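A.B. asks: The following block contains the structure, expressed as structure tokens.
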């Protein structure tokens, strides 16, 4: 495990303390789970962006291929 020192806004810290006392969960565990959740969220977000970008690239090529097929169909 790595040790990290960080500054947390007072309001976020207070809210976190209230929640972890109700959950009876150690602060360290709670923060680890929160970061893990946020990392998964960000990975999905990055993947979504990449897929949208790649989809846009494929869409252009797909339209070109479709036009070629239509042109070939018209010639028959």
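A.B. asks: In whole angstrom, how far apart do the alpha carbon centroids of the range 2-21 and the range 29-45 sit?
C.D. replies: 15
A.B. asks: Another question, then. First measure r as the distance between the Cβ atoms of residue 38 and residue 58, then evaluate 1/(1 + (r/R0)^6) with R0 = 25 Å and state the FRET efficiency to the nearest 0.05.
C.D. replies: Efficiency computed from Cβ-Cβ geometry: 0.25.
A.B. asks: Can you tell me the orientation of helix 10-23 relative to the chain, as the angle in degrees between its alpha-carbon axis and the longest Cα principal axis, to the nearest 10?
C.D. replies: Once rounded, one gets 80 degrees.
A.B. asks: Now for a different question. Note down, for the range 10-75, the three equivalent ellipsoid semi-axes (square root of 5 times each alpha carbon gyration tensor eigenvalue), biggest first, whole angstrom.
C.D. replies: Value: 53, 9, 8 Å, ordered largest first.
A.B. asks: Turning to a different aspect of this structure: Using a 7 Å offset from the Cα along the Cα-to-Cβ direction at both residue 20 and residue 67, what is the distance between the two label points in nm, to one decimal?
C.D. replies: Label at residue 20, label at residue 67, 5.9 nm between them.
A.B. asks: If you line up the long axis of helix 27-75 against the longest principal axis of the chain, both from Cα atoms, how many degrees apart are they, to the nearest 10?
C.D. replies: 0
None of the figures in this text is laboratory data; all of them are computed from the coordinates on show. Model, not experiment: these values are computed from the prediction. Cβ coordinates were reconstructed from backbone atoms using ideal geometry, including for glycine residues, and neighbour counts include every protein chain displayed.
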